[in-house]
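The values are calculated or read from the model by the stated rules, or taken from the named source; none is laboratory data. Since the model is a prediction, treat every value here as computed from it, not as a measurement. Cβ atoms come from the backbone with ideal geometry, glycine included; neighbour counts cover every protein chain shown. The area values use the complete protein model at the heavy-atom level, side chains included, leaving out ligands, DNA and RNA. Shrake-Rupley method; radii C 1.70, N 1.55, O 1.52, S 1.80 Å.
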Amino acid sequence: MKDVALLNQIVRSLLAGQLKAAADPHRPRWHLAAPVGLLNDPNGFIEHDGRYHLFYQWNPLGCEHRNKGWGHVTSTDLLHWQHEPVALLPTETYESHGCYSGSAVSDEQGRLTLIYTGNVKYPDGSRTAYQCLARADGEGGFAKLGPVLDLPAGYSGHVRDPKVWHDGGQWLMVLGARTLDDKGEVLLYRGDTLDAWTLVGPIAGSGRGGLGDFGYMWECPDLFPLADRHVLISCPQGIAPRGEDYRNLYQCGWLAGSFDGMHFVHGAFHELDSGFEFYAPQTTQDSQGRRLLFGWLGLPEENEMSQPTIPYGWLHQMSCPRELFWQGDWLCQRPVAELAALKGEQTRFEGTLGEFPGLAIDSAWLDLALCGEGSLWFGAVAELCWQPGRLVLRRLNWQSGAWEERCCPWQGGGITVLCDRSSLECFVDGGRHTLSARYFPGPGPQLAPGKPVAGGKICLDHWPLAACLVQ
């Protein structure tokens, strides 16, 4: 009966809240956002039977981090998405405090199968976690098969976010973990079936691979091959800022190296996105051979509960879909090619900043070639500043009212900026670095020149982007 009662609450929340959420001037026109309530981690990103499936952490009953289940959308082109029935709701004892993050695979019989963390908290403040299975039931929903993995010995109740794949011989799983002495690790498991797993051991983490002390918890791991190397993406928590690096409360980054099925030998840790909001990304390889990625344009516990969308009953959105590729030994990102179909009529400007007339950026694609030093204003609440060797994204913090900034190296190459009402995604030097952020300008924001600086010139191509809403 618990599932029926919860479904009734969700229906009431949707009926009461969808029009209100849609009326928010900050609501994205072409990024994915939940119909109502809280959205966070992307889950179960996969191409299966000719459709892309994206699941997401969802609290349909409010904007707090509670009542977590999995929402579900599908698409044939990464642009036009369709709502599917809710995939998971926390109705069982082994998931009493949320169906947490995980992944999706096509099982041995070609059935879409979800692997997720069931989160359980106890009255004394302790907790545990179970790795669970659910399989497509043929009617648009998923039948839960229950836990297949308990907590391993020597680890706290913080073991979660299974990413599963098949290497041609066995199933493999990586899990984010926190040891009993507060060291973050990524655990590797192997199994002949999806319901029987053997722990291989930690393959990366704090105190491993030359990283030194590197956080108390590593969330949302994702290990995959890309060309001739393997990449491990993860989100370490508990890393102090180091100069201009690691400026967010929690980090998201990548390690590259070699994986032999048992061990991962890697190099240095690099941030995946140098902006304000980008966390818990998940990748998949599609039928074209591309390694695609969605990230969450949010960050837990940092300014999120003061965002101005909350009075409208919704919170957070996904990044644009991105493709991963190499530039030499550097992991890069670019918007997927399909997004170009949203472009409208092109406008070009070339000249000094003082001559720039301004352009609408409510929903827009910008390609920039910049010279000298200068800046561009996005609305009146964000500014992109450039100088030789360095790019800075500044914004007005909506909670404190103070200006804050994030930056990345800049080799003088092209910059693409995708704008969508309350988000900016900057791809720097052809995708070598990215700067992503939420910001909240007034209605009809304009791109305007900053204070002119000697030598500050721009060549700018501007395209409005059409709306592409979930159906």
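Among the residues making up segment 273-291, those that are in a loop (DSSP other than H, G, I, E, B) and either over 18 Å from the mean Cα position of the chain (by Cα) or more than 21 Å from I239 (Cα to Cα) (or both) are D286, S287, Q288, G289, R290.
For segment 234-272, the candidate set comprises residues that are aliphatic (A, V, I, L, M) and assigned to a loop (DSSP other than H, G, I, E, B); within that set, the residue that is nearest to L299 (Cα to Cα) is L249.
Quick check on this structure: which one of T198, T193 is farther than 26 Å from P90 by Cβ and either modelled with pLDDT of 95 or more or touching a Lys or Arg at 6+ places or on another chain (Cβ under 9 Å) (or both)? Walk me through it before giving the result.
Details: T193 fails: farther than 26 Å from P90 by Cβ.
Only one candidate qualifies: T198.
So how many residues does segment 431-451 have that are more than 20 Å from the chain's Cα centre (by Cα) and surrounded by 15 or more Cβ atoms within 10 Å (Cβ to Cβ)?
Residues in segment 431-451 being more than 20 Å from the chain's Cα centre (by Cα) and surrounded by 15 or more Cβ atoms within 10 Å (Cβ to Cβ): 7 in total.
Closer than 20 Å to S319 by Cβ and touching a residue at least 60 places away in the same chain (Cβ under 8 Å): is that true of L342 in this structure? For L342, the condition - closer than 20 Å to S319 by Cβ and touching a residue at least 60 places away in the same chain (Cβ under 8 Å) - is met. Among the residues of segment 361-391, those identified as open to solvent by 10 Å² or more (accessible area, probe 1.4 Å) and free of Cβ contacts under 8 Å to residues at least 60 places away in the same chain are Q387, P388, G389, R390.
Among the criteria (1) within 20 Å of G298 (Cβ to Cβ); (2) under 18 Å from the mean Cα position of the chain (by Cα); (3) open to solvent by 10 Å² or more (accessible area, probe 1.4 Å), the one R66 does not fulfil is (2).
Okay, residues lined up against (1) in a loop (DSSP other than H, G, I, E, B); (2) over 20 Å from Y439 (Cα atoms):
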{"position": "E338", "(1), (2)": "no, yes"}
{"position": "A341", "(1), (2)": "no, yes"}
{"position": "E345", "(1), (2)": "yes, yes"}
{"position": "E350", "(1), (2)": "no, yes"}
{"position": "G354", "(1), (2)": "no, yes"}
{"position": "W365", "(1), (2)": "no, no"}
{"position": "L370", "(1), (2)": "no, yes"}
{"position": "L376", "(1), (2)": "no, no"}
{"position": "A380", "(1), (2)": "yes, no"}
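So that you can scan it fast, the table gives a plain yes or no per residue for (1) within 20 Å of G413 (Cβ to Cβ); (2) within 27 Å of the chain's Cα centre (by Cα); (3) of a type in the set (S, T, N, Q):
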residue: R348; (1), (2), (3): yes, no, no
residue: T352; (1), (2), (3): no, no, yes
residue: E355; (1), (2), (3): no, no, no
residue: I361; (1), (2), (3): no, yes, no
residue: L366; (1), (2), (3): yes, yes, no
residue: L370; (1), (2), (3): yes, no, no
residue: W377; (1), (2), (3): no, yes, no
residue: A380; (1), (2), (3): no, yes, no
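Would you confirm whether or not segment 452-464 contains a residue that is open to solvent by less than 20 Å² (accessible area, probe 1.4 Å) and either free of Cβ contacts under 8 Å to residues at least 24 places away in the same chain or assigned to a loop (DSSP other than H, G, I, E, B) (or both)? Yes; the residues of segment 452-464 include at least one that is open to solvent by less than 20 Å² (accessible area, probe 1.4 Å) and either free of Cβ contacts under 8 Å to residues at least 24 places away in the same chain or assigned to a loop (DSSP other than H, G, I, E, B) (or both). Summed over segment 206-245, residues that are under 24 Å from R390 (Cβ atoms) and either open to solvent by less than 20 Å² (accessible area, probe 1.4 Å) or among the charged types (D, E, K, R) (or both) total 4.
Would you be able to say whether some residue in segment 312-331 is assigned to a strand (DSSP E or B), over 28 Å from G267 (Cβ atoms) and open to solvent by 10 Å² or more (accessible area, probe 1.4 Å)? Explain how you work it out, then say what you get.
First, pick out the residues of segment 312-331 that are assigned to a strand (DSSP E or B): 314-315, 318, 322-327, 330-331.
Narrowing further to those that are over 28 Å from G267 (Cβ atoms): 314-315, 318.
Now restrict to residues that are open to solvent by 10 Å² or more (accessible area, probe 1.4 Å): none.
No, segment 312-331 contains no residue that is assigned to a strand (DSSP E or B), over 28 Å from G267 (Cβ atoms) and open to solvent by 10 Å² or more (accessible area, probe 1.4 Å).
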